[in-house]
Every structure is written in structure tokens, then in C-alpha cells.
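What follows is a single structure, written as C-alpha cells, with notes after it.
The values are calculated or read from the model by the stated rules, or taken from the named source; none is laboratory data. Everything numeric here is computed off the predicted structure, so don't read it as measured data. When we count neighbours, we look across all protein chains shown, and the Cβ atoms used for this are built from the backbone with ideal geometry, even at glycine. Just so you know, the surface numbers come from the protein's heavy atoms only, side chains and all, with ligands and any DNA or RNA stripped out. Shrake-Rupley method; radii C 1.70, N 1.55, O 1.52, S 1.80 Å.
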Amino acid sequence: GMRAQQEMLAQQQAGDEQSIVQLKRLGATLAAAQAEQHAVAEQTAMLETVRSMLRQAGPYITSVLIRQISDNARQIFGDIMQDHSRHLAWNEDYGITLEVDGHVRQFEQLSGGEQMTAALAVRLALLRELSSIDVAFFDEPTANLDEMRRESLARRILEIKGFRQLFVISHDDTFEQATQNLIRVERVNGISQIVEG
């Protein structure tokens, strides 16, 4: 009976030892999971701090960026108009104003040529500051401009750096001298056709 009892106790001991091994494995897994949870909690706290900082910095970054774009647009506008005494501004409400001799005029109060030039100046400034795209399209950029300003605008557009290709769609021939490829489209018998390429 003692021998049978000893064998039973040995079997229990072997089972207990297996349970101890399993519990140790579970303990190691639990410790690893707790360490991972702690690391995730630290990362979450750090991300929340970064998010909070970005939320607080957002208005300042926007203000600086708008100022840079506005300054760039003012320079472009002056170059196109060949008059740096007028100050174009792209404001924080994203409106365009033009200051002439101390008087500020809203975009709606500008002439057609001034509106076209101001809008194009802001667009060029935006492209230069924000875009990683190296292709730009300009549809009738010289509309409502006199000949001198059309030529100035054409020169300014062609001087833009950082673009692999510029596409200009226009009814006037201002850009013809400086283009590498010219596609002329005319309406013949009610159908648009390429007549020269």
C-alpha cells in the first residue's frame, strides 16, 4: 500500500511540476504583455503630448505660412504689374486685398486685370510654398491684361522654378516665343481640330 501511495504521490508531483512549468510560462507571457502594455501607454501619452502641441502650434504655423505666401504673392504681383508700390495681401481669412496709396481695396473692388493678376500671384505663391507636384496648368492667365502686362506675366510664369512641366491654355500668342511645344486648336466646321503642332 505504501508503494502504491508513493507512486500516486510521484504522479501528483510530476503533474504539479508540469503545472509549475506552465504557470512559469504564463507568468513570463504575462510579464511580457505587461511590459508591452506599459510601452504602449508611454507611447500613447507621448502621442497625446505631440497632438496637444500640434493643436496649440497650428494657428501659429498657419499664420506664418499665410504670411510667407502673402509676401511671395506680393512680390509676384509687383513683378507682373511692374509696380511694387501697390501691396497685395493674402489674409488669414483667405481673402485678397490690395493696398494702393494707403487705401485698402477688397478683391471685388479690383479691375478685371488686377483680379486676374492677384489671383494668379496667390496661386503661384501657393504652388511654390505648398505643392510637391511638378506640373502646373494655367488657363487663360493673361485675360483682361494689357500687352505690357501680358508679356510681363508670361515672363514671370516661364521663370517659375521647380516645375517639370507648365501647360498654358490661351487665346493669345504671348507665350508662343518661349514654348517648347505648341499645339494650336481651331474650330473648323463646328469641330475642334489640331491645325499645327
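Assorted remarks:
- Accessible surface of segment 1-112, 1.4 Å probe, proportion on carbon and sulfur as whole %: 56
- Kyte-Doolittle mean at least 0.5 and Cα axial length at least 18 Å: DSSP H helices in the chain: 112-130
- Residues whose amide H comes within less than 5 Å of that of residue 105, counting only those at least five positions distant or on another chain, are 98, 99, 100 (H built at 1.01 Å from N in the peptide plane).
- With a cut-off of 19 Å on the backbone N, the residues of segment 144-158 near the modelled label site 7 Å out from residue 111 along Cα-Cβ are 144-154.
- With coordinates expressed along the principal axes, the C-alpha atoms belonging to the chain extend over 119, 51, 28 Å, beginning with the largest.
- 10 Å-binned pair-distance histogram of segment 96-197 (Cα, whole percent): 13, 38, 32, 14, 3, 0
- Were the residues from residue 84 through residue 51 laid out at 0.36 nm apart, the gain over their Cα-Cα distance would be 7.8 nm.
- Choice from 77, 107, 137 showing the highest fluctuation, given a GNM over the chain with Cα pairs closer than 10 Å: 137
- Residues considered: 174, 49, 29. Largest GNM mean-square fluctuation over the chain, using C-alpha springs under 10 Å, is found at 29.
- Cα gyration tensor shape for segment 121-165, rounded if a/c is under 1.5, else prolate or oblate: prolate
- Choice from 124, 65, 182 showing the highest fluctuation, given a GNM over the chain with Cα pairs closer than 10 Å: 182
- Under the criterion of Cα pairs below 8 Å and six or more residues apart, the relative contact order for segment 1-128 equals 17 percent.
- Extension gain (nm, one decimal) between residue 158 and residue 16, 0.36 nm per residue minus Cα-Cα: 42.7 nm
- Annotation: per residue accessible area for the chain equals 72 Å², rounded to a whole number [probe 1.4 Å, protein chains only].
- Taking all pairs of distinct alpha-carbon atoms in segment 15-108, Kirkwood radius in angstrom: 18.6
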